[in-house]
Amino acid sequence: MTDTNSIISQNKKYAENFTYGDLPPHPSEKIAILACMDARIPVNEVLGLRIGEAHIIRNAGGIVTDDALRSLIVSHEMLGTEKIIIINHTECGMATFKDQDLQKRISEKYNSNASDIKFHSFNDLEENVKDQIKKIRTSPFLSNIISVHGFIYDIKTGKIREVEQ
Ligand SMILES: [Zn+2]
């Protein structure tokens with residue numbers, strides 16, 4: 001999967017036996033998941049979810065940024081999701097640097113001021129998950145969400161464990 005041709009040929013294989021054309025847009029399990037973008041986490045498989053069952057929103061760190069909040073509100077308000085799951089993971093790259101360091105690095109590298117870019121790096125995995133749950137729980141626009149759960153996915157074992165709230 002390195003160039004456009006191989007992407008197109010992979011898709012050709014995928015579309016040969018395609019059977020999802022009649023799925024409704026509303027996630028049938030009424031779940032919205034916010035997970036880190038880490039390439040080692042196959043979110044659907046990890047949670048045993050099939051296509052059409054959940055929204056999956058991903059970004060660096062699994063952070064409730066303004067844009068993630070935007071997606072969660074659309075998911076809830078327009079597409080009927082009622083449960084939110086946050087997934088962070090061991091060995092997250094977002095815990096390996098500080099915002100200031102990356103801001104400085106790219107400011108110098110590209111000769112352009114990056115000091116206002118918030119990367120949301122963090123130190124403590126558990127605290128990070130709790131912070132994201134808190135952001136969801138304090139959004140007035142998500143106050144009708146039934147449940148919010150946070151999990152840490154273990155890169156080495158494939159297991160998740162819930163973060164106590
Ligand atoms: Zn990560």
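The values are calculated or read from the model by the stated rules, or taken from the named source; none is laboratory data. What you see is a predicted model; the values in this text were computed from it and never measured. Glycine gets a Cβ as well: all are built from the backbone with ideal geometry, and neighbour counts include every protein chain shown. With ligands, DNA and RNA removed, areas are computed over all heavy atoms of the protein, side chains included. Shrake-Rupley method; radii C 1.70, N 1.55, O 1.52, S 1.80 Å.
Structure notes:
- Among the conditions (1) in contact with a helix residue (DSSP H, G or I) (Cβ under 6 Å, 6 or more places away or on another chain); (2) buried (at least 21 other Cβ atoms within 10 Å of the Cβ), residue 26 misses just one, which is (2).
- Filtering region 16-25 for residues that are under 26 Å from residue 154 (Cα atoms) and in a loop (DSSP other than H, G, I, E, B) leaves an empty set.
- The lone exception for residue 86 - which of (1) surrounded by fewer than 21 Cβ atoms within 10 Å (Cβ to Cβ); (2) within 15 Å of the ligand (Cβ to nearest atom) it fails: (1)
- Annotation note: Cβ proximity below 7 Å between a residue of region 52-75 that is touching a residue at least 12 places away in the same chain (Cβ under 8 Å) and within 16 Å of the ligand (Cβ to nearest atom) and a residue that is charged (D, E, K, R) and open to solvent by 20 Å² or more (accessible area, probe 1.4 Å) (sequence gap 6+ or interchain) occurs for 64/135.
- Checked against (1) at positive phi; (2) surrounded by 18 or more Cβ atoms within 10 Å (Cβ to Cβ); (3) not basic (Lys, Arg), residue 158 passes all but a single condition, namely (2).
- Test: residue 2 is out of contact with any strand residue (DSSP E or B) (no Cβ under 8 Å at 6 or more places or on another chain), more than 16 Å from the ligand (Cβ to nearest atom) and either modelled with pLDDT under 95 or open to solvent by less than 40 Å² (accessible area, probe 1.4 Å) (or both): yes
- The listed residue being open to solvent by less than 70 Å² (accessible area, probe 1.4 Å) and closer than 15 Å to residue 83 by Cβ, out of 145, 152: 145
- Identity of the residue in region 89-106, of a type in the set (S, T, N, Q) and within 16 Å of the ligand (Cβ to nearest atom), that ends up most open to solvent (accessible area, probe 1.4 Å): 96
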